[in-house]
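Just below is one structure, and these are the notes that go with it.
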């Protein structure tokens, strides 16, 4: 009989590394049902389908976070972007 899955390992892979239950099963050579069983047994919160899809499609983290421009090129592009934003926002609708 195989050993039970370790809670810390499951938590680290699922919550820390954001692996799916199938990826954990493949990595540890267990079935998906076994991983699911131990996740429920240890009361590790399971992601919803929408959250799982979001995590899978954005492996680098939240794409909407703002990163402060550091290099001169990034600062220049940021300034150009702000200028375009302001320029487009100042257009008024003229009524004839």
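Every read-out reported here was derived from the displayed coordinates using simple, explicitly stated rules and does not represent laboratory data. The structure displayed is predicted, hence computed values, not measured ones. Cβ: placed from backbone, ideal geometry, glycine included. Neighbour counts: every protein chain shown.
Taken over the range 51-89, the criterion of being surrounded by fewer than 10 Cβ atoms within 10 Å (Cβ to Cβ) and outside any helix (DSSP H, G or I) is satisfied by 59, 60, 61, 62, 63, 64, 65, 66, 67, 68, 70, 71. Summed over the range 3-50, the residues that are surrounded by fewer than 11 Cβ atoms within 10 Å (Cβ to Cβ) and in a helix (DSSP H, G or I) give a count of 6.
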